[in-house]
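> One structure, pasted below without further comment.
The values are calculated or read from the model by the stated rules, or taken from the named source; none is laboratory data. The structure displayed is predicted, hence computed values, not measured ones. Methodologically, a virtual Cβ is constructed for each residue, glycine included, from the backbone with ideal geometry; neighbour enumeration extends over all protein chains shown. Calculation scope for accessible area: heavy atoms of the full protein, side chains included, ligands and nucleic acids excluded. Shrake-Rupley method; radii C 1.70, N 1.55, O 1.52, S 1.80 Å.
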Amino acid sequence: MAQNQMLFASDWLTENPDTSPESFYYNTKPQPGGFAAQVFAYGPTQRRGATPQFLGALISQAQHTLIISTPYFIPDYSLINILCATAYRGVAVTMIVPKHNDSFVVTVTSRSYYWQLLKAGVKIYEYKPGLLHAKTLTVDGELSLIGSTNLDLRSFGLI
């Protein structure tokens, strides 16, 4: 919880520099029934390119399984190469994307990358009931990332 509070304060102080940092309360006590988690920020107060680099590092660490869900899949070529290299190493890579997106352009652009991924052995599943809006990444069933960043160039460039 303290990480989220500090992230909020950091963003707030960027836009409101006259606010006293002491006006923020940080709860640093462990919460009962909680679990280990790490906040990863993405926005105007963070270094440009940090998120695709972070995602690439996580993906390249997979040893057995990698499962990714994203509504918008228009990656840069470094991310495509990392996904393919991970599959070529024998990691079971699964992508879950919506069958029908809210943008026709996004749908056809996403599918233009399928051949490279399929050739490398990536399994691609299209969610049919509606717009899958989950943004998740799971590595070896041990590490999970739940976020708000899509795997697309637009999201990577919004800083």
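> Can you tell me the Rg and Dmax of region 104-146, counting just the alpha carbons, in angstroms?
Final numbers for Rg and Dmax: 12.6, 35 Å.
> If you line up the long axis of helix 2-15 against the longest principal axis of the chain, both from Cα atoms, how many degrees apart are they, to the nearest 10?
80
> Just to be sure I understand: if I project the alpha-carbon convex hull of the chain onto a plane and average over all orientations, what area do I get in nm²?
On the way: hull surface 44.4 nm².
Convex hull of Cα atoms, orientation-averaged projection: 11.1 nm².
> Just from its helices, what would the mean residue ellipticity at 222 nm be for the chain, if runs of 4 or more DSSP H residues each count -39500 (n - 2.57) and the sum is divided by every residue, rounded to the nearest 500 deg cm²/dmol? Let's see the in-between values first.
On the way: 6 runs with 57 residues, N = 159.
Using -39500 (n - 2.57) per qualifying helix, the result is -10500 deg cm²/dmol.
> Turning to a different aspect of this structure: Got a sec? Charge dipole of the chain, +1 on Cβ for Lys and Arg, -1 for Asp and Glu; which of Thr51, Tyr113, Ser23 is way out at the positive end?
Tyr113
> Where the accessible area of the chain is counted over protein heavy atoms with a 1.4 Å probe, how much of it, in %, is carbon and sulfur?
Working: 5820 of 9890 Å².
Solvent-exposed carbon and sulfur of the chain make up 59 percent of the total.
> If I stretch the segment between His100 and Asp11 completely, what's the gain in nm (0.36 nm per residue apart, minus their alpha carbon distance), one decimal?
Numbers: separation 89, 0.36 × 89 = 32.04 nm, distance 3.46 nm.
So the chain would gain 28.6 nm between His100 and Asp11.
> Charges at C-beta only: +1 for Lys and Arg, -1 for Asp and Glu. How large is the resulting dipole of the chain about its Cα centre, in Debye rounded to 20? Let's see the in-between values first.
Numbers: 11 positive and 10 negative charges, 129 e Å.
Here the chain has a charge dipole of around 620 debye.
> Mind checking the angle between helix 77-88 and the chain's longest principal axis? C-alpha axes, 0 to 90 degrees, to the nearest 10.
That helix lies at roughly 60 degrees to the long axis.
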